[in-house]
1. Along each of the three principal axes of the Cα atoms of the stretch 136-266, give the extent in whole Å, ordering the values from largest to smallest.
2. Among rounded, prolate and oblate, which fits the stretch 173-237 when a ≥ b ≥ c are the square roots of the eigenvalues of its C-alpha gyration tensor, a/c under 1.5 means rounded, and a/b larger than b/c means prolate?
3. Could I have the simple spin-label model distance between H124 and R10, label points 7 Å from Cα toward Cβ, reported in nm to one decimal?
4. Quick one: compute a quarter of the convex hull surface over the Cα atoms of the stretch 97-203 and quote it in nm².
5. Which of the lysines could a cross-linker bridge to K8, judged by Cα under 22 Å and excluding same-chain residues fewer than eight apart?
6. Take each of the peptides 228-240, 24-36, average the number of other beta-carbon atoms within 10 Å over its residues, and list them starting from the highest.
7. What distance in nm separates the two pseudo spin-label positions at T159 and V178, each 7 Å out from Cα along the beta-carbon direction?
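Each reported figure results from applying straightforward, stated rules to the coordinates on display, with no laboratory input. All of these numbers come straight from a predicted model, not from anything done at the bench. Here the Cβ is made from the backbone with ideal geometry for all residues, glycine too, and neighbour counts use every protein chain on show.
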Amino acid sequence: MKNNKLSKIRIGTDSYGQAIKLLFTRKFAIYLIFPIILNIILVYVMSLLSGSLYEASWEYIKGLLSLDGDLTGFLYYLEKILSGLFWLMSKLLFFFMYLFIGGYLIITLLSPVYAHLSEKTEKHLYNQEYKVSFKDFMNDIGRGIIIALRNIMIEMGWTIVLFLVGLIPLIGLLAPFVLFFISAYYYGFSFIDYSLERKRYTIRDSIEFGKRNRWTFIGNGTVFTLTLAIPYIGTTLAGFTSLISVMAGTIATEKLVNSERITINE
């Protein structure tokens, strides 16, 4: 059983070497422009939102503290200090919010890119060609978004449970590690499902497939999860890592599906 788990994890992680080499070829390198565009847009939007949060909250606090109007002396400096603190707090709040939802935000916004990239990877490596209409392509995108939303809701539920468990002495020390593996599993699920959808797996079929191959899903999602954990630049790099994760997930899926076919035939 232990060796089986290790082999499943290796299927998920070993596919990354092949995916990295493929992404940086002339045929696939064009996809690297999409995380760049996404990062520029997100930085701009987050800056606007954090600025709006700061202005709204500070105006409210100023009213409560009666710091409106022309201030002099101590009140003038107090207003400047508190204003600076609230500005910093608004930036930090949005930063930590983005750390929590950033992964799934990236997965949701880049879902059209993932759907096309996964299909192109499979066609290039395995000469598998699917007749994908525009309707099918839009369904792929919609399903990717549904899967991402489903996963984030489940992960949020686990986060709350593990936060409460984390309050228990000694046992609580395990909570962050458990949450890491849960996150890795659901991220891997999102990346791998594009391949399963093309093979006409329903969402229920994908869930069952994930249960049978959970360690491969964890192995695939681990790299993306580790990237998000990098301080300050993790969410910026995650967009690029996700492309590799989708390609690695496509490669891993092909191995798993073929392995299950062989087992059934035997």
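1. Sorted from largest, the Cα extents of the stretch 136-266 read 49, 36, 21 Å.
2. oblate
3. 2.6
4. Mean orientational projected area (the stretch 97-203, Cα hull): 7.7 nm².
5. Partners found: K21, K199, K211, K255.
6. 228-240, 24-36
7. About 1.7 nm, to one decimal.
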